[in-house]
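For reference, the structure is listed below as structure tokens.
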Amino acid sequence: MDYKRLRIRGISYSQTQSGAYALLLEDEESRMKLPVVIGNYEAQSISLGLEKDIQPPRPLTHDLFTSFVSAVNFTLESVVIYQIVDGVFYSNINFRDNESGEELILDARTSDAVAMAVRSGAPIYTTKEVLNETGIILDIEEIPAEQDKAEDGDYQGVTKEALQDLLDKAVQEEDFDTALEIQEELKKRDKKID
């Protein structure tokens with residue numbers, strides 16, 4: 001089957017569902033975006049997985065499963081978002097046994113599959129059909145920056161080094177909502193430099 005490789009373009013608060021987030025995936029060729037509504041925990045887990053230099057004090061569920069896959073001598077080869085039914089995406093996680101070369105395919109929620117992929121550095125794919133059915137053309141700058149402010153104020157006057165310290169403290173205290181807000185602010189600042 002002809003798969004389209006996706007990359008993660010961002011995570012933002014969902015405009016359509018209260019308490020949820022939108023994971024925005026982008027086709028590398030057509031630049032079509034695939035918005036996937038995910039829960040708060042999965043959004044935090046994906047964000048922490050993308051930040052390779054940030055380690056929570058104890059392993060999260062996706063960290064634990066990634067360690068298990070490695071311990072039993074398997075490799076996470078890829079994630080494939082293969083179907084959408086009634087607004088729900090269906091995904092497979094594709095593993096390979098490093099000794100026998102055998103493939104193992106497991107059904108997974110898309111949010112969990114992506115959280116695993118970012119930890120393993122595995123590619124994320126979708127089918128042309130899923131992309132045609134749900135993909136949208138969206139200029140990434142059109143996404144509203146809803147995480148500009150902390151609960152107690154504005155991050156604009158805070159230096160990048162101080163933000164990093166606040167981020168480390170939030171992760172250590174397992175305050176992942178605050179950590180996600182600070183990560184978004186840091187990413188926004190990095191984009192302005194580019």
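When Glu133 is tested against (1) open to solvent by less than 80 Å² (accessible area, probe 1.4 Å); (2) modelled with pLDDT of 75 or more, exactly one condition is not met: (1). Could you check region 62-102 and list, in sequence order, the residues that are open to solvent by 70 Å² or more (accessible area, probe 1.4 Å), of a type outside the set (A, V, I, L, M, F, W, C) and assigned to a strand (DSSP E or B)? Residues satisfying the conditions are Glu77, Tyr82, Gln83, Tyr90, Arg96.
What do you reckon, is Glu181 within 15 Å of Ala22 (Cα to Cα), modelled with pLDDT of 60 or more and open to solvent by less than 70 Å² (accessible area, probe 1.4 Å)?
yes
Being at pLDDT 95 or above and closer than 25 Å to Val130 by Cβ is a property that does not hold for Phe68. Of the set (1) surrounded by 15 or more Cβ atoms within 10 Å (Cβ to Cβ); (2) within 23 Å of Asp177 (Cα to Cα), all apply to Pro59 but (1). The set of residues in region 13-46 being surrounded by fewer than 19 Cβ atoms within 10 Å (Cβ to Cβ) and in contact with an Asp or Glu (Cβ under 6 Å, 6 or more places away or on another chain) consists of Tyr13 alone. Whether a residue is part of a helix (DSSP H, G or I), out of contact with any strand residue (DSSP E or B) (no Cβ under 8 Å at 6 or more places or on another chain) and open to solvent by less than 80 Å² (accessible area, probe 1.4 Å) was assessed, and Gly49 passes this test.
Consider Arg96 carefully, then state whether it is farther than 19 Å from Ala22 by Cβ and either modelled with pLDDT of 95 or more or within 21 Å of the chain's Cα centre (by Cα) (or both). Here the answer is yes, as Arg96 does meet what is asked. For region 7-42, a residue qualifies if it is under 28 Å from Asp175 (Cβ atoms) and of a type in the set (S, T, N, Q), and the qualifying residues are Ser12, Ser14, Gln15, Thr16, Gln17, Ser18, Asn40.
The values are calculated or read from the model by the stated rules, or taken from the named source; none is laboratory data. Being a predicted model, the structure only gives us computed values, none of them experimental. With ideal geometry, Cβ positions are generated from the backbone for all residues, glycine too; neighbour counts draw on all protein chains shown. Heavy atoms of the whole protein, side chains included, go into the accessibility calculation; ligands, DNA and RNA do not. Shrake-Rupley method; radii C 1.70, N 1.55, O 1.52, S 1.80 Å.
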